[in-house]
């Protein structure tokens with residue numbers, strides 16, 4: 001989409017806005033290189049629609065994702081989704097994964113005044129669950145998302161993409177996993193006993 005607007009973005013460029021709400025990501029690039037043709041709002045809508053379409057057509061779960069949801073079910077731990085993605089993308093992902101009935105609540109930062117890294121989306125998700133944020137555990141793949149969850153006073157397990165794994169920037173998180181396949185009962189027990 002951005003390439004068609006005369007702004008080809010590299011993988012490094014895209015990482016700058018990972019974890020931001022789409023309007024914030026589009027705004028980031030608009031300020032740096034205003035384009036002709038489509039308005040920022042039109043770009044937001046087009047990108048969001050395309051992402052939802054791609055998820056439906058060829059989306060794949062992260063390694064260990066379905067097993068992590070199943071583990072929470074076995075342990076009677078409610079599962080929520082708190083995402084900076086817009087509702088249409090969240091709905092597409094839950095349907096593609098077939099876990100709609102396994103997720104107690106889901107919430108989009110689309111409905112918040114500010115997106116991640118602001119903690120509002122996580123605080124709203126905890127409120128929907130009826131659980132104090134300090135009793136929640138967030139699994140996050142983005143730095144902005146991890147900041148958001150930690151600012152909401154949750155315990156945070158970072159599950160970054162391979163290129164970002166092991167970076168000292170995750171030091172504020174309670175744990176870091178190479179993949180969700182490492183999410184197990186031992187980790188949950190260890191984090192339950194750790195002070196916030």
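The values are calculated or read from the model by the stated rules, or taken from the named source; none is laboratory data. Bear in mind that the values here come from a model prediction, so they are computed numbers and not experimental data. Using ideal geometry, Cβ is built from the backbone for each residue, glycine included, and neighbour counts are taken over all protein chains shown.
With respect to the conditions (1) under 18 Å from the mean Cα position of the chain (by Cα); (2) part of a helix (DSSP H, G or I); (3) assigned by TED's automatic domain parsing to the domain that holds residue 186, residue 51 lacks only one, and its number is (3). Scanning region 1-16 for residues that are under 22 Å from the mean Cα position of the chain (by Cα), surrounded by 14 or more Cβ atoms within 10 Å (Cβ to Cβ) and in a helix (DSSP H, G or I) turns up 13, 15. For region 54-84, the set of residues classified as more than 23 Å from residue 178 (Cβ to Cβ), in contact with a strand residue (DSSP E or B) (Cβ under 9 Å, 6 or more places away or on another chain) and in a loop (DSSP other than H, G, I, E, B) consists of 78 only. None of 75, 5, 9, 54 is touching a helix residue (DSSP H, G or I) at 6+ places or on another chain (Cβ under 9 Å) and in contact (Cβ under 8 Å) with a residue 60 or more places away in the chain except 75.
Yes or no, residue by residue, for (1) assigned to a helix (DSSP H, G or I); (2) surrounded by 16 or more Cβ atoms within 10 Å (Cβ to Cβ):
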residue: 88; (1), (2): yes, yes
residue: 114; (1), (2): no, no
residue: 118; (1), (2): no, yes
residue: 123; (1), (2): yes, yes
residue: 134; (1), (2): yes, no
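Among the residues of region 142-153, is there at least one that is assigned to a loop (DSSP other than H, G, I, E, B) and modelled with pLDDT under 95? Yes.
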